[in-house]
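*Asks:* Could you have a look at this structure, given as structure tokens, before my questions?
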Amino acid sequence: MVEIGPWLAAYRHAVLAEFGARVRFIGIQGSYARGEAGEGSDIDAVLILDRLTPHDLRRYRALAAGLPHARLLCGFVAGAAELAAWDRADRLSFYFDTRPVYGTLDALLDAPTADDAARAVSLGACGLYHACCHGLLHGLDEPALRALCKQARFVLQAAQFAAGGRYAASLLELDARAAGREKEICALIRRAAQGQALAPERDAEALLCWAQELIVRYAPRAAAPSGGPG
């Protein structure tokens, strides 16, 4: 497994040497940010520049190729203006799951609200519902189901934030705050994350039924204006 502290120090040094004062933010997200990384886990690095051009991406690609464990590097690269204009629901998990290494996200983004989270639940549940239906009709293998479980994790995080105003980054926190069907979904997400055996049809049915509930529960709130009824 990668020693993420020294790796991030090398990454930060290389990025600042290449882009200098144009760097607005450097961070880490995903399993390394949550302390859940294992052998072969991706390194989800985040780089936000003052602006982003195709030439910047070519420079970044060359820079990344010279780093240790370059094959594991993925993550998110953007310009500050695009990030600020990003759909607020879509950036909910980005805001909470990204650990700063250089700069702060609060200098670039407003903090997410419960309404942002409700929209994230609605959109995520609709996508999950569609994918489960497709898989149950046309076939679903374990790798595809693991991808759905990863998607379900984001939906559950958004649902818990929308309901209680607190974001659970780790599986332990998610499970501690789960109630009812969420406990079953948490257990499924954990099995998928830990590489345990899954039952594609049975587990996809569980995700489908949960998504159905969320779509109906969050549709009115997600459709309402941010300030509520006039």
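The values are calculated or read from the model by the stated rules, or taken from the named source; none is laboratory data. All of these numbers come straight from a predicted model, not from anything done at the bench. Note that each Cβ is placed from the backbone with ideal geometry, even for glycine, and that neighbours are counted across all protein chains shown. Just so you know, the surface numbers come from the protein's heavy atoms only, side chains and all, with ligands and any DNA or RNA stripped out. Shrake-Rupley method; radii C 1.70, N 1.55, O 1.52, S 1.80 Å.
*Asks:* Compute the acute angle (0 to 90°) between the alpha-carbon long axis of helix 200-223 and the principal axis of greatest extent of the alpha-carbon atoms of the chain; round to the nearest 10°.
*Replies:* Roughly 80 degrees between the two axes.
*Asks:* Go through Gln151, Gly195, Gly20 and say which Cα lies farthest out towards the positive end of the charge dipole of the chain; charges sit on Cβ, +1 for Lys and Arg, -1 for Asp and Glu.
*Replies:* Checked the options; the winner is Gly20.
*Asks:* Here's a follow-up. Roughly speaking, to the nearest percent, how much of the range 1-119's 1.4 Å accessible area is carbon and sulfur? Could the numbers behind the result be given before it?
*Replies:* On the way: 3080 of 5810 Å².
C and S fraction of accessible area: 53 percent.
*Asks:* State the percent of C-alpha pairs, over all pairs in the range 97-201, separated by a distance greater than 25 angstrom.
*Replies:* 26 percent
*Asks:* Something else about it: Taking the Cα centre of the range 1-154 as the origin, how large is its charge dipole in debye, to the nearest 20, when only Lys and Arg (+1) and Asp and Glu (-1) carry charge on their Cβ atoms?
*Replies:* About 340 debye.
*Asks:* Right, something else. Could you please report the charge total around Ala45, scoring K, R as +1 and D, E as -1 over all other residues with beta-carbon less than 12 angstrom from its beta-carbon?
*Replies:* Working: positive: Arg12, Arg99; negative: Asp42, Asp44.
Computed value for this residue: 0.
*Asks:* Per q in 0.23 1/Å, what log10 I(q)/I(0) does a Debye calculation on the alpha-carbon atoms of the range 115-157 return?
*Replies:* Debye curve over Cα of the range 115-157, log10 I(q)/I(0) at q = 0.23 Å⁻¹: -0.74.
*Asks:* Given the Cα-Cα distance of Leu172 and Ala81 and 0.36 nm per residue of separation, how much length would full extension add, in nm?
*Replies:* 29.3 nm
*Asks:* Then there's this: Please state the equivalent ellipsoid semi-axes for the range 1-46: what are the square roots of 5 times the Cα gyration tensor eigenvalues, largest first, in whole Å?
*Replies:* Its equivalent ellipsoid spans semi-axes of 22, 11, 7 Å.
*Asks:* A further question on this structure: For helix 114-138, report the angle its Cα long axis makes with the longest principal axis of the Cα atoms of the chain; keep it between 0 and 90° and round to the nearest 10°.
*Replies:* Helix 114-138 sits at roughly 70 degrees to that axis.
*Asks:* When the expected Rg is taken as 2.2 N^0.38 Å, what fraction or multiple of it is the alpha-carbon Rg of the range 1-105?
*Replies:* In units of the 2.2 N^0.38 Å rule of thumb, it is 1.02.
*Asks:* Just to confirm, what accessible area per residue do you get for the chain at 1.4 Å probe, in whole Å²?
*Replies:* Using a 1.4 Å probe on heavy atoms only, each residue of the chain averages 50 Å².
*Asks:* Something else about it: Return the inverse of the average 1/r over all pairs of distinct C-alpha atoms in the chain, which is the Kirkwood hydrodynamic radius, in Å to one decimal.
*Replies:* After inverting the mean inverse Cα-Cα distance, the result is 19.0 Å.
*Asks:* Choose one of Ala162, Leu49, Phe96: the residue whose Cα lies farthest towards the positive end of the charge dipole of the range 32-178 (beta-carbon charges +1 Lys, Arg; -1 Asp, Glu; about the Cα centre).
*Replies:* Leu49
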